[in-house]
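Worksheet: the structure to be examined is printed underneath.
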Amino acid sequence: MRVILFANTDWYLYNFRRSLATALRDAGHDVLLVSPAGPYGDRLRQLGFRWIPAPMERRSLNPLRELALVLWLRRLVGQERVDLVHGFTIKCAVYGSLAARLAGVPARVNAVAGMGYVFTSNDLKARLLRPVVRTLMRLALDGRGARLILQNPDDVALFERARLVNSERVRLIPGSGVDCLRFGPDAGRGEGGRFRVLLAARLLWDKGLAEYVDAARELHAEGRDIEFLLAGDPDPGNPAAVPEATVRGWVDEGVLQWLGHVDDMPALFRSVDAVVLPSYREGLPKGLIEAGASGLPLVTTDVPGCREVVSDGEDGLLVPVKNARALATAIARLHDDRALCARLGAAARAKALAQFDERIVIDRTVAVYRELVPG
């Protein structure tokens with residue numbers, strides 16, 4: 001097959017779909033990676049992939065600019081003579097599928113997590129755009145040659161209620177997969193020392209950063225010797241971005257340590273005692289699964305995506321969304337009980353191996369491709 005993988009950042013392709021691209025290439029398929037320009041494009045090229053920067057602005061809603069992008073994609077798809085276009089996130093899924101249809105490419109696979117800004121925001125601009133985007137989504141995501149990959153049952157129900165896609169064309173695949181050989185438990189974890197808690201995510205309000213900070217303040221006020229770490233980069237292209245000045249203010253206050261971008265996540269996970277993600281909603285949080293594969297106890301919110309990774313009391317702890325007090329209580333519970341940490345971490349590792357290993361996800365994704373491009 002000749003396949004295009006199209007995403008809204010080169011960072012996403014590098015961190016979330018590199019294993020899929022590698023597996024396709026190793027199986028003899030021709031893979032082209034497409035995204036807006038960024039620092040990870042060169043990294044992908046250094047790994048031997050073909051990567052092309054797209055003239056795309058993530059936050060743009062300018063109709064002429066967006067039409068120009070679709071036409072650019074159509075020319076690219078035609079020039080490459082591809083068999084299948086796989087788009088990630090709503091915007092790339094819609095535009096990639098429209099370009100494929102215009103170029104006469106029947107096979108379209110799209111992977112999205114939730115409905116995106118236009119359907120989740122109450123901004124006037126979002127409400128005005130909703131009918132247009134709904135029409136485009138039906139045109140792009142449905143049809144005999146299309147498959148929609150969703151990451152959790154809540155999103156499947158959401159799309160079914162919205163009547164955007166025939167349910168027969170929806171496939172449920174849990175996330176992008178994790179290399180469980182790379183992420184493993186630390187035999188010396190829990191042998192004393194200061195208790196260290198980590199939140200690793202893009203710096204977005206809807207990842208629960210405010211609740212994390214409030215929980216840290218509360219536990220520090222109680223006199224608990226807990227070190228709170230935050231790993232992740234700002235994301236200025238996202239409407240929910242936390243200003244860097246705000247994060248630096250938390251650091252100056254002494255609430256947490258900000259590590260910024262971390263390349264060696266397995267090493268970071270080996271250095272901490274628990275991982276939290278107080279997110280408001282997820283597709284399927286890869287960082288949380290990586291932490292589970294590392295044998296860490298997990299604390300997350302009882303929301304779509306997160307509840308698929310953590311079963312309360314079995315392999316982690318679930319707390320209500322936007323509830324800093326409940327988050328603090330759960331962290332304190334782990335701080336007080338190292339045996340509980342070990343039990344939850346071992347179960348999280350077992351679940352990651354059984355359900356979320358990248359080989360499982362890649363095999364199921366390629367099987368979706370083969371539904372549309374046999375042979």
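Among the residues examined, Leu61 qualifies as closer than 20 Å to Leu73 by Cα and hydrophobic (A, V, I, L, M, F, W, C).
Against the test of being among the basic types (Lys, Arg) and either modelled with pLDDT of 95 or more or touching a strand residue (DSSP E or B) at 6+ places or on another chain (Cβ under 7 Å) (or both), the options Arg101, Arg18, Arg59, Arg65 yield a single qualifying residue, Arg18.
Please give the number of the condition Leu24 fails out of (1) over 27 Å from Glu371 (Cβ atoms); (2) assigned to a helix (DSSP H, G or I); (3) under 21 Å from the mean Cα position of the chain (by Cα); (4) aliphatic (A, V, I, L, M). Exception for Leu24: condition (1). Does Leu209 fit the bill of being modelled with pLDDT of 90 or more, touching a strand residue (DSSP E or B) at 6+ places or on another chain (Cβ under 8 Å) and surrounded by fewer than 20 Cβ atoms within 10 Å (Cβ to Cβ)? In short, no. Per the listing Leu288, Leu268, Leu219, the residue uniquely in a helix (DSSP H, G or I) and in contact with a His (Cβ under 9 Å, 6 or more places away or on another chain) is Leu219.
Pairs are defined by a Cβ separation below 7 Å, a sequence spacing of at least 6 or placement on different chains, a first member in region 95-118 that is under 22 Å from Gly375 (Cβ atoms) and part of a strand (DSSP E or B), and a second member that is of a type in the set (D, E, K, R) and at pLDDT 95 or above; the pairs so defined are Ala107/Asp83; Val109/Arg147. What's the total number of residues in region 226-257 that are assigned to a strand (DSSP E or B) and aromatic (Phe, Trp, Tyr)? The total comes to 1. Among the candidates Ala68, Ala103, the residue that is surrounded by fewer than 18 Cβ atoms within 10 Å (Cβ to Cβ), of a type in the set (A, V, I, L, M) and out of contact with any Ser or Thr (no Cβ under 9 Å at 6 or more places or on another chain) is uniquely Ala68.
So is Val262 assigned to a loop (DSSP other than H, G, I, E, B), buried (at least 20 other Cβ atoms within 10 Å of the Cβ) and of a type in the set (Val, Ile, Thr) or not? Considered against the rule, which asks whether it is assigned to a loop (DSSP other than H, G, I, E, B), buried (at least 20 other Cβ atoms within 10 Å of the Cβ) and of a type in the set (Val, Ile, Thr), Val262 comes out as no. Looking across region 331-375, the residues that are loosely packed, with under 15 Cβ neighbours inside 10 Å and not in a helix (DSSP H, G or I) come down to Asp337, Pro374, Gly375. Of all the criteria given as (1) out of contact with any helix residue (DSSP H, G or I) (no Cβ under 6 Å at 6 or more places or on another chain); (2) outside any helix (DSSP H, G or I); (3) under 26 Å from Val366 (Cβ atoms); (4) not β-branched (Val, Ile, Thr), the one not satisfied by Asn122 is (3). The residue that is farthest from Trp205 (Cα to Cα), among those in region 307-326 that are surrounded by 20 or more Cβ atoms within 10 Å (Cβ to Cβ) and either at pLDDT below 95 or among the charged types (D, E, K, R) (or both), is Asp315. Within region 50-63, residues that are more than 15 Å from Gly87 (Cβ to Cβ) sit with their Cβ atoms under 6 Å from residues that are loosely packed, with under 14 Cβ neighbours inside 10 Å, at 6+ positions apart or across chains, in these pairs: Trp51/Arg45; Arg59/Gly237. When Arg75, Arg134, Arg138 are screened for being surrounded by fewer than 19 Cβ atoms within 10 Å (Cβ to Cβ) and modelled with pLDDT of 90 or more, only Arg75 passes. Quick check: is even one residue across region 257-268 touching a residue at least 60 places away in the same chain (Cβ under 8 Å) and more than 20 Å from the chain's Cα centre (by Cα)? So far as region 257-268 goes, no, none of its residues is touching a residue at least 60 places away in the same chain (Cβ under 8 Å) and more than 20 Å from the chain's Cα centre (by Cα).
Just so you know, in region 9-34 the residues that are closer than 20 Å to Val361 by Cβ and touching a helix residue (DSSP H, G or I) at 6+ places or on another chain (Cβ under 6 Å) include one that is surrounded by the most Cβ atoms within 10 Å (Cβ to Cβ), and it is Leu33.
Restricting Ala221, Ala187, Ala245 to those that are outside the structural domain of Ala346 (by TED's automatic domain parsing), loosely packed, with under 15 Cβ neighbours inside 10 Å and more than 23 Å from the chain's Cα centre (by Cα) reduces the list to Ala187. Taken over region 39-72, the criterion of being assigned to a helix (DSSP H, G or I) and in contact with a Phe, Trp or Tyr (Cβ under 9 Å, 6 or more places away or on another chain) is satisfied by Tyr40, Gly41, Asp42, Arg43, Leu44, Arg45, Glu66, Leu69, Val70.
The values are calculated or read from the model by the stated rules, or taken from the named source; none is laboratory data. Predicted model, so just to flag it, every value in this text is computed and none were measured. Virtual Cβ from ideal backbone geometry, glycine too; neighbours counted across all protein chains shown.
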